[in-house]
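Report on the structure given below.
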Amino acid sequence: MQNMRKVIIATPAMDGRVEGIFAYSLAETVRLGMTNGVYIQPLIVMHDALVQQIRDDLFALVHRYPDVTDVIWADSDLSWNPAHALQLVAHNVDVVGGTYRRKEDVETYVVKCPPDKLVIGPNGLIAVDALGFGFLRLSRRAITFLWDTCEPYAGKDGGERRNVFEVKVSDRKLISEDVRACAKLRAGGFPVYLDPTITCTHKGAKDWRGDFLAWMQAFNTARAQQAA
């Protein structure tokens, strides 16, 4: 146990519930981690109307345990291949995640990246502007950076928090808490990477499934044909 990688899977469950497909993915991820030398501890904070506040609460709990090497943020309405969680942990970068379809019929994904930058690098990853925190890993270095540089405030329980997940208006547009967190990381010298082989299932009125890598390849081919 002493030499094991220690990972928290942090989940905001605003109404106190998780999807069944999430519970199955989580259980299988814990089991797979134990057989591969990775100790995985689920951490779920429930019942809060503000997603940015519940994420800050989770962040404070993660930061409290210095022996935790990584945190994987996993939303309660997603499911994933358990091997992909270990894949995130194995990448030799500080910030990396998968993506997932938005809950709409037009196939789009939760990722911010200029079209001409959708290029897989030598490490098999794509450097992006931002990812959703639905399935994203932060290293201890990234956790410490955000805690040390974000504005402190008192939580509802009086405990210390950091304003990591703030919502902001910029150029008359509302910038979400996860996009803002990614911007802070990038400004601090932490590139944000997407593993294009990891696409989660998004649970809603139906299961929103996809394959980001196949979608990206088709998108880039169509752009090249239009430019020819």
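Listing for the model above:
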read-out: Cα centroid separation - the range 113-155 against the range 171-228, whole Å; value: 12
read-out: Dmax and Rg, reported as Rg then Dmax, of the range 5-227 (C-alpha, Å); value: 17.0, 58
read-out: Estimated [θ] at 222 nm from DSSP helical runs (n ≥ 4, -39500 (n - 2.57)) normalised by residues in the chain, nearest 500; value: -10500 deg cm²/dmol
read-out: Separation in nanometres of the label points that stand 7 Å from Cα toward Cβ, at residue 144 and residue 226; value: 4.5
read-out: 3J(HN,Hα) from dihedral phi, the range 213-222, Karplus parametrisation 6.51/-1.76/1.60, rounded to Hz, x for glycine, proline; value: 4, 5, 4, 5, 4, 5, 5, 5, 5, 5
read-out: Fewest-first ranking of 185, 194, using other Cβ atoms within 10 Å as the exposure measure; value: 185, 194
read-out: Protection proxy ranking of 117-128, 139-150, 215-226 - average other beta-carbon atoms within 10 Å, highest first; value: 139-150, 117-128, 215-226
read-out: Amide H contacts under 5 Å for residue 130, placed H, 5+ residues apart; value: 112
read-out: Relative contact order, percent, the chain [alpha-carbon distance under 8 Å, six or more residues apart]; value: 22
read-out: Spacing of the two label points (7 Å from each Cα toward its C-beta) at residue 43 and residue 169, in nm; value: 3.3
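Read the figures in this text as sums done on the coordinates, not as results from a lab. Just so we're clear, the structure is a prediction, and the values are computed from it rather than from any experiment. Cβ: placed from backbone, ideal geometry, glycine included. Neighbour counts: every protein chain shown.
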